[in-house]
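Here's the structure we're looking at; comments come further down.
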Amino acid sequence: MADNDDRRVPVTVLTGFLGSGKTTLLNHILTATHGKKLAVIENEFGEVGIDDALLSKNTKMQTDEEIIEMMNGCICCTVRQDLVKVLTKLAKRIKAGTLKLDGIVIETTGMADPAPVAQTFFVDDTVKSFARLDGIVTLIDAKHIEQHLDEEKQEGVENEAVEQVAFADRMLLNKTDLVSEPDLERIEARLRSINKFAPIQRCEQSKVSVDSVLDIRGFDLKRTLEMDPEFLNTDGEHEHDQTVTSLSITQPGSVDLDMVEQWVSKILQTKGNDIFRMKGVLSISHADEKFVYQAVHMIFSGSFVEPWGAQEKRESKLVFIGRNLDHDEIRREFLACVQSEETLAKKMKALRFAVGDKVKCKTADGWRVGTVAKLMYREEGMSPGMVAPYQVKLT
């Protein structure tokens, strides 16, 4: 446990498997009234950063926080030295008096083993002198955690979900509204069988008090060494499951909402078990707002959020993380959703009726006869991205 007189900057490591709610928790921290000046270090597994877009709105609201977006890759592997460089820069600014920090929050990728991240605060002298590891907070997706804990890995490959639970100083059992009470009790017993020391706090949508995450003084090096005597050995290899890959797509222009919805539905229905995480910011045709979505296995949520800036380039950014992903197929099928004269012609060709056809329409007053006046019709006041297949003039 950290000494109460220790004046070093406390560091919170947010970990948890893909889709457990880490970025949502980070958003809560950014919008909470706590008066702390924080540096937020954010890590993505894919090549395209999505979480920075999900955090950007709240970053603008909180001028006392600094977002430092990390490079892509796994923070516990190739980019750990980059983490050291970022922390060293912060240390120099603090020493020079140009920066005052009350805490640092590191959000790891869902594929990260927290142990090598924690090592950083004990094996690098510069980092060790100005920052202390305050606690490892593990977010746990109550809906999917048993599936990930039970996953069999090939010899020598770590089960990241197990490691994240084992090294936790505090566990936040999230998405409790998606499972029953007997399920929760069984899950909590399973978690305690792996880690009997870390308190378990239930929550929904990652809503917990900031005090339960920041400055908890939870990390105990002695207990960690008892659990893993090789904890401070930096020469050990950390091997990921090679069947799990990430795919990042950046596509200029806008996409057709209806086609994207059909495409996402197909992916989740046919590949849901293998999709650990999907997230993205989409530029939708006929919409002034950004469409932000996230998915974990077959659970999807998305909504229109803040408007695109006047000088902001309209493009879509997507990240997929999963097992046995067919990168070429995913890219090809998403490209087919991009709004163009070709896709519009394809949709119009698929329509059953043509302009001038007599049709029956079900209205609030019952069935009415009318004539098709326009195809692929849109008018002011319609929902963002929505295009009606027909405009019908009633007779």
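The values are calculated or read from the model by the stated rules, or taken from the named source; none is laboratory data. Please read these numbers as outputs of a predicted model, since none were measured by experiment. Here the Cβ positions follow ideal geometry from the backbone for every residue, glycine too, while neighbour counts run over all protein chains shown. Surface areas here come from the heavy atoms of the whole protein model, side chains and all, with no ligands, DNA or RNA. Shrake-Rupley method; radii C 1.70, N 1.55, O 1.52, S 1.80 Å.
Quick notes on this one:
- Less than 5 angstrom separates the built amide H of R202 from those of L173, all sequence-distant by 5 or more or on a different chain.
- Sorting the segments 86-93, 135-142 by their mean number of nearby beta carbons within 10 angstrom, highest to lowest, gives 135-142, 86-93.
- Protection proxy ranking of 256-266, 273-283, 12-22, 191-201, by the mean of other Cβ atoms within 10 Å over each peptide's residues and highest first, is 12-22, 273-283, 256-266, 191-201.
- Annotation for D328 and T88: the two label points, set 7 Å from Cα along the Cα-Cβ direction, are 4.2 nm apart.
- Using a probe of 1.4 Å, the accessible surface attributed to T23 totals some 10 Å² when neighbouring protein chains are kept in position.
- Which listed pairs, of K37/K317; K266/K362; K279/K358, have C-alpha distances above 32 Å, in listed order: K279/K358
- Each peptide in 158-165, 115-122, 364-371, 293-300 receives the mean, over its residues, of other Cβ atoms within 10 Å, and ordering these scores from highest gives 158-165, 115-122, 293-300, 364-371.
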